[in-house]
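Each remark here refers to the structure printed beneath this line.
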Amino acid sequence: MIQSTNSRKVGKSPSLHFIAPFVITLSFAVSLGAQEKSALEVEEVVVSDIRSERSEVSTPASIVIIGREEIEKSGAAHLTEVLRARGGVQVSDTFGDGTGASVSVRGFGETSNANTLVLVDGRKLNNNDIGDPDLNSIPLNDIERIEIVQGSAGTLFGDQAVGGVINIITRRPEKLRAEINARAGSYSRRGGHASLSQKLDNGVYYRLSAEGSETDNYRDHNESNLRSLFATAGYEYATGDVFVELQNVDERLETPGALFADEVAADRQQSVSNFANDFANTETNVQRVGIRQTITDWLSFEAEGTNREVESEFVLSGRTFAGTPSDQSRHLIGFTPRLIVAYPTRNGDLLLTVGHDLELFDYNLSTVFGNQDNEQKIRGTYFQAVVPVHRKLSLTIGARNAKVENDLSDDFTFPAGIEIDDSEFLTELGFAFRPNDAWRFFARRDESVRFAKVDEYLDPEPGTILRTQTGVSYELGAEWSNGGHNARVVAYRLDIDDEIAVVPGVGFFGFPANTNLPKTRRDGLILSVGAQVMDRLRILGDYSYVDARVEEGPVQGNRVPLVAEHILRLAGEYSPAPEWRLFGEIQYVSDKVFSGDFDRQLETLSGYTVVNLKGDYRYQNVTVEARVNNVFDEEYSEFGARATRGASEVPSFFPAPERNFWLSVRLDFD
C-alpha cells in the first residue's frame, strides 16, 4: 500500500513497541528448551539455523563454521581476510583494510549490503540505508566463531537475508583470562588489543575489551584511525541467563577516491587533488540486553533488545565538483523475542521456534542539497518447525509475515512527505536425511524479502516508487565427514522478482537511478573439502560458481555487476612442531562486470590470483605471528565502477594493496 501525505506523523513511543510483541509472542508461541549437555560435551554449537543454541545442524541448510582456532591459524588482521572465498563468500574491499568492505553470498555485488545479512550474536549489523555494515567494528580477537548460512533465510531472519546470513559469535567468558596483543606492519600499521574476562562460581560473568589501530593504508590520503570499546556482563543461573552489552566505536578515515586507468598506470597509490579534503568520520554506540529462560524441560524463552546510534560526518567530492560537509544519523531500536520448543519424540526432538522481530529506524541526512528523513518500522512474525518424521529424516516448514512502514521526506523527491507501506508472506519447506553418522543430504525451498532502503526510495526512476524485492531459493546439498576428512557440495537456484538496483540511463537527464529489474536469476555450485593428510598437515579447498544474470527487461541476458563467476581458495595448515604453526592460501577470483555497468558499455574488471602466507611460534603464554599478504605482488582491484570522463563512459578503480606484511605478539594470562 502506498499513501501520499502532506505532513509527517508523530512516532509512537518505543516502549510500547517493545512491550506489544513481547505480550503477543508469549500468548500464542512455543519453543526450544535448554540443552542439558555441558560445553565440554558439545563439539560445536550452531545458533544460526533455528536462532538458538544446539549441538548440531538440524535444518536443511548448509552452514559453514569458522572456529576460533581456524581464525588464529590464518593470522588474519581483520574480518574480511577470514571471510574471503569461504562458503561462497565474495569480498569487495575498496581500501584493503576492511574499512570500506562489503561481503556477498550467492551472487550480489553492488547491493550485497542489502542482500547478505550480517549479524553479531544475532544482532543486525546491516543498515536500513545503503551504507555497508561496519565489519571493522568487531575486532577479530573478540570473535569465537563465524557461522555462514548459505542461501536465503527470509523465513527465519526476514528482511535482507536473501543470499545468506553471516552470524559472528563473540567470545563468552569462562575462567579468568587476560590477553594483550600488539601488532605492526606495512603502511605504518600499528595497533593493539586487550581483553579481560571471567566467569565466577556464583554465575556472574564479564568480558571487557579495547582495540586501537592506525594506518596510512596503501593509497595516499587514506589514513585510518579506529578505536573500539566492548563490555558485556551477565548472570547465569540454574534456569537461564541475563546479560547486558555496551559498545563504542570511533572511526576516522580519509577517503582517496577512485582512479582512471591512466592514473593507475602512472601511480597506483596516488589520490588526485579532487579528493584532497574528503573524509568519513563515524561514531557508533550500541546497548543491548537479553535473556534466555528455561520454562519447562522442553520449553524456553529468549529475547534481546538493541539500541544502536550512529553519527557520521563526511565530505564526498566528485571529479567535477568539490564536496561540502554533510551529516548523517542512524538510530535503530530492535526487539527479538521468541519461544522455542524441543519436544522429545521417539524419532528425536521436535523443534519449534515462534517469534517476532521489530525494528524501528530513524534516519536523517543533511547535505548542501537539503535534508532526507525517514522513520521506518519493520515487523515480522514467524515460525519454523523441524519435524522428525523418522530417526534419519526430518522435515522443516516455516512461514513469516513481514511488514514495513515508511514515513519519509526529501527536499527534492518528496518535499511534501510520503508514506510507503508494504507486506509480504514468506514460506519455507525442506528436508534433511542422515543415513549414517558420516553423510547428510538436504533439499530446501525458501522465500526472501528485501524492502527498499530510504536512499533508494529517494533516488528512483522518474515517475515510479520502488516495489519490494521478493525471491525464492531452491537448493540441494550433500555433506560428508569422517574423522579429520570432510566434503560438501551444494547446488542452488535463486530467482528474484523486482530486484532493486542502480541502472544507468533511467534517471533524470540520463543519469543512473534506482529501479526494479523485472526478473533476475542466480544459478550456482559450491564445493568444499578438507583432508587431514597427516597428524600435522591439513588441506582445505573451497570453490564456488555463480551465474548471476538479468532475465527480463532492457538489459536482459547481461551479467549482474561485481559478481565473479568463479572463486577458488586452496589452503594448507602445517605444524612441524607443537610450538610452530604454518599457514598458506591461494585465492583466485575471476573477472567481474564493473559496478553500474548493467548495459555492458565496458570490458570486465580483470580477475586475480593472490597468495598469502603466515607462521606463528608459541612459547608458554607468548605467541609471535607473522603474515605476508599478496606474496607475489599482484596488481589488481577488488572493486571498480563505471564512471564518466568528459563525454565518455570509462572504468574507474580502487587499487588493492600490493605485497604487505603483519607482525604481532600476543600474551595470554590464564
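Quick rundown of the values:
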| read-out | value |
| --- | --- |
| Pairwise centroid distance, computed over Cα atoms, of the range 518-588 with the range 264-295, Å | 26 Å |
| Kirkwood hydrodynamic radius over Cα pairs of the range 548-624, then Stokes diffusion coefficient at 20 °C and 1.002 mPa s, in µm²/s | 137 µm²/s |
| Distance (nanometres) between label positions extended 7 Å along Cα→Cβ at ALA276 and SER366 | 2.8 nm |
| Unit charges at the beta carbon, dipole of the chain: most positive-side option, ILE50, ASN222, VAL628 | ILE50 |
| Per residue accessible area of the chain, 1.4 Å probe, in Å² | 41 Å² |
| Cα shape, the range 100-198, gyration tensor, a/c 1.5 rule | oblate |
| Full-stretch length increase - THR296, ARG618 - with 0.36 nm per residue and alpha-carbon distance subtracted | 111.3 nm |
| Among PHE321, ASN347, GLY75 the positive-end extreme of the charge dipole of the chain (Cβ point charges) | ASN347 |
| Hz values of 3J(HN,Hα) by residue in the range 654-659 - Karplus curve (6.51, -1.76, 1.60), Gly and Pro given as x | 10, x, 7, x, 7, 4 |
| Dmax and Rg, reported as Rg then Dmax, of the chain (C-alpha, Å) | 24.3, 72 |
| Simple spin-label estimate for PHE669 and ALA443 in nanometres, 7 Å along Cα-Cβ | 5.8 nm |
| Computed magnitude of the charge dipole of the range 518-580 (debye, nearest 20; Cβ of K, R +1, Cβ of D, E -1) | 180 debye |
| Paramagnetic reach from ILE465 in the range 363-380 [backbone N under 17 Å; point 7 Å along Cα→Cβ] | 373-378 |
| Distance cut-off 17 Å, percentage of C-alpha pairs in the range 628-670 lying past it | 58 percent |
| Segments 397-409, 449-461 sorted - mean Cβ within 10 Å per residue, highest first | 449-461, 397-409 |
| Rg(Cα) / (2.2 N^0.38 Å) computed for the range 335-390, rounded to two decimals | 1.99 |
| Stretchable slack from TRP580 to ARG493, in nm (0.36 nm times residue separation minus alpha-carbon distance) | 27.0 nm |
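The values are calculated or read from the model by the stated rules, or taken from the named source; none is laboratory data. In this text the structure is predicted, and so the values were computed from the model without any measurement. Cβ atoms come from the backbone with ideal geometry, glycine included; neighbour counts cover every protein chain shown. Side chains included, ligands, DNA and RNA excluded: accessible areas come from the protein's heavy atoms. Shrake-Rupley method; radii C 1.70, N 1.55, O 1.52, S 1.80 Å.
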